[in-house]
Amino acid sequence: MLDLYMTRTALIMGANLLRVPSERRTPLELAKDGGLLGMWQQAAPETRRMLLLQAAWEARGAFLGEADDDALRHAAYLADAADSAALGGMTQRTDFVHLLGPHYLLAQSLAFDLDDMETSLVATLTLATRIPAGWPM
């Protein structure tokens, strides 16, 4: 549980930094410079999956247009899946996070991919920057 809260807090801090207009680093550069990538690598895969899906739920409907890399494509897909779930009547983030479906399988694949953790981290960080009113507990 501590793993979840510590990683989530670091993601929120990173997302807040990325919102600052004077911040010129990419999400990956910021994550590497601030130690977030190392924290992400140490987090349990289940924690990474949960955070990715939580961020998608909170950022649902926040993407427009085309994504130009894998991390953005994954983030956009997950946010759209969350938006579709909400439009379909889902009201609870926990339901979306635990509902087995294509969005869950994508998040699972990203979270457990030890060879490309940067993609899952950037996708999660990108979603976190698009959460309109903060990331509730």
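The values are calculated or read from the model by the stated rules, or taken from the named source; none is laboratory data. Just so it is clear, the model here is predicted, and its values are computed rather than measured. Neighbour counts are summed over all protein chains in view; Cβ atoms, including those assigned to glycine, are modelled from backbone coordinates with ideal geometry. Please note that ligands, DNA and RNA were not included when accessible areas were found on the heavy atoms of the full protein model with its side chains. Shrake-Rupley method; radii C 1.70, N 1.55, O 1.52, S 1.80 Å.
Which listed residue (Gln92, Gln108, Ala55) has the Cα farthest towards the positive end of the charge dipole for the chain, taking +1 on Lys and Arg C-beta and -1 on Asp and Glu C-beta about the Cα centre?
Highest projection toward the positive end goes to Gln92.
Kindly write out, for the stretch 123-132 in residue order, the coupling ³J(HN,Hα) from the Karplus curve 6.51 cos²θ - 1.76 cosθ + 1.60 (θ = phi - 60°), rounded to whole Hz, with x marking Gly and Pro.
For the stretch 123-132, the Karplus-derived couplings read 4, 5, 5, 4, 4, 4, 6, 9, 6, x Hz, x marking Gly and Pro.
How big is the shadow of the Cα convex hull of the chain, averaged over all directions, in nm²? Intermediate results must be reported in sequence, preceding the final value.
Working: hull surface 31.2 nm².
One quarter of the hull surface, i.e. the mean projection, equals 7.8 nm².
Please report, as a whole percent, how much of the solvent-accessible surface of the stretch 49-99 comes from carbon and sulfur atoms (probe radius 1.4 Å). Could you put the intermediate results ahead of the total?
On the way: 1260 of 2580 Å².
Carbon and sulfur: 49 percent of the exposed surface of the stretch 49-99.
Relative contact order for the chain: what percent, with Cα pairs under 8 Å and sequence separation of 6 or more? Show your work: numbers first, answer last.
On the way: 155 pairs, mean separation 48.7, N = 137.
Computed over the chain, the figure is 36 percent.
What is the sum of charges around Leu110, taking Lys and Arg as +1, Asp and Glu as -1, for the other residues whose C-beta is under 15 Å from the C-beta of Leu110? Mind showing how you got there, number by number?
Working: positive: Arg48, Arg49, Arg73; negative: Glu46, Asp69, Asp70, Asp113, Asp115, Asp116, Glu118.
So the surrounding residues net to -4.
Test of understanding: given the chain, find the longest segment containing no GluC sites (Glu not before Pro) that are in a DSSP loop and have at most 15 other Cβ atoms within 10 Å. Walk me through the numbers on the way to the answer.
Values: sites that count: Glu23, Glu66.
Answer - 67-137.
Could you please report the charge total around Ala56, scoring K, R as +1 and D, E as -1 over all other residues with beta-carbon less than 12 angstrom from its beta-carbon? Spell out each step's value before the answer.
On the way: positive: Arg49, Arg60, Arg93, Arg130; negative: Glu58, Asp80, Asp83.
The answer is +1.
Cβ under 14 Å from Met13's Cβ, Met13 left aside: what net charge do those residues give with Lys, Arg +1 and Asp, Glu -1? Mind dumping the intermediate values first?
Working: positive: Arg8, Arg19, Arg25; negative: Glu23, Asp33.
Net charge around Met13: +1.
About its Cα centre, how strong a charge dipole does the chain have in debye, to the nearest 20, once Lys and Arg get +1 and Asp and Glu get -1 at the Cβ?
Numbers: 11 positive and 17 negative charges, 92 e Å.
With Lys and Arg at +1 and Asp and Glu at -1, about 440 debye.
Treating the angle as unsigned and between 0 and 90°, give the value, to the nearest 10°, between the Cα long axis of helix 2-19 and the longest Cα principal axis of the chain.
Approximately 70 degrees, to the nearest 10.
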